[in-house]
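Report on the following structure.
The values are calculated or read from the model by the stated rules, or taken from the named source; none is laboratory data. Bear in mind that the values here come from a model prediction, so they are computed numbers and not experimental data. Ideal geometry is used to build each Cβ from the backbone, glycine not excepted, and the neighbour counts take in all protein chains shown. These area figures cover heavy atoms from the full protein model, side chains too; ligands, DNA and RNA do not enter into them. Shrake-Rupley method; radii C 1.70, N 1.55, O 1.52, S 1.80 Å.
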Amino acid sequence: MSEQTKVAFSGTKEQEEKLIQVIEKHKGKDGALIPVLHEAQEIYGYLPIEVQEIISENLKISMSEIYGVVTFYTQFTTNPKGQYKIAVCLGTACYVKGSGIILDKIKEKLGIEVGECTPDGKYSIDATRCIGACGLAPVLTVNDDVYGRLTPDDVDGILEKYM
């Protein structure tokens, strides 16, 4: 397991004020935690420990319960996402056609692992399961742009478009 690249939390006062409003809207309702987490992630883009602590203090829910929910559900992330979100499909068709090698090349070029974000906040990498473009295997996406029938030699050109 690699040492994960740490991006400093940079929440603003405005974001915190929005989060407090969200918490107040849901406070006292059964099942408030998950809607609060969803809206908090919309505000910050992810759920760092600092945001979880604000939620814990204001909803009077333990950090262990919040962390358990955040790490159990795949729609929540504790890591920031980059301006350019790179997702490499590792579904069967893509993997058989070499997406693992493409993922390795992207990790090497950016100097980060799956689930991490570059320190400048520009790029993040995720490994996904089938994205429904098996006929284009292997496939990766950068935000909403889809790239298919890839070879490792295509990686440099794709990344250059986002430099």
Per residue, in Å², the accessible surface of segment 37-130 once ligands and nucleic acids are set aside, probe 1.4 Å:
51 Å²
Nonlocal amide H pairs with Leu90, under 5 Å, H built at 1.01 Å
Thr128, Arg129
Answer label, with Rg and Dmax of the Cα atoms in Å calculated from the coordinates and candidates (i) 18.0, 55; (ii) 15.8, 49; (iii) 16.5, 51:
(i)
Counting Lys and Arg as +1 and Asp and Glu as -1, each charge on the Cβ, what is the dipole of segment 34-89 about the Cα centre in debye, to the nearest 20?
240 debye
A correct Karplus calculation of ³J(HN,Hα) over segment 48-65, with 6.51 cos²θ - 1.76 cosθ + 1.60, θ = phi - 60°, whole Hz and x for Gly and Pro, returns x, 4, 4, 6, 4, 5, 4, 5, 4, 4, 7, 9, 6, 10, 5, 4, 5, 5
Within a Cβ distance under 14 Å of Phe76, other residues only, what is the Lys/Arg minus Asp/Glu net charge?
-3
In whole Hz, what ³J(HN,Hα) sequence does segment 111-125 give by Karplus (6.51, -1.76, 1.60; θ = phi - 60°), x for Gly and Pro?
x, 9, 9, 4, x, 9, 10, 5, x, 7, x, 7, 10, 9, 10
About its Cα centre, how strong a charge dipole does the chain have in debye, to the nearest 20, once Lys and Arg get +1 and Asp and Glu get -1 at the Cβ?
340 debye
Around Ile66, what is the net charge, scoring Lys/Arg as +1 and Asp/Glu as -1 over all other residues with Cβ under 13 Å from its Cβ?
-3
Portion, in percent, of the accessible area of the chain that falls on carbon or sulfur, probe 1.4 Å:
51 percent
Towards the positive end of the charge dipole of the chain, with charges on Cβ (+1 Lys, Arg; -1 Asp, Glu), say which of Ile20, Ala137, Gly157 has the farthest Cα.
Ala137
With an 8 Å Cα cut-off and a minimum separation of 6 or more residues, compute the relative contact order for segment 4-163 in percent.
21 percent
Where does each of Lys122, Lys27 land when they are ordered by accessible area, with a 1.4 Å probe and the largest first?
Lys27, Lys122
Pairs of alpha-carbon atoms within less than 8 angstrom and 6+ residues apart define the contacts here; what relative contact order does segment 13-108 have, in percent?
22 percent
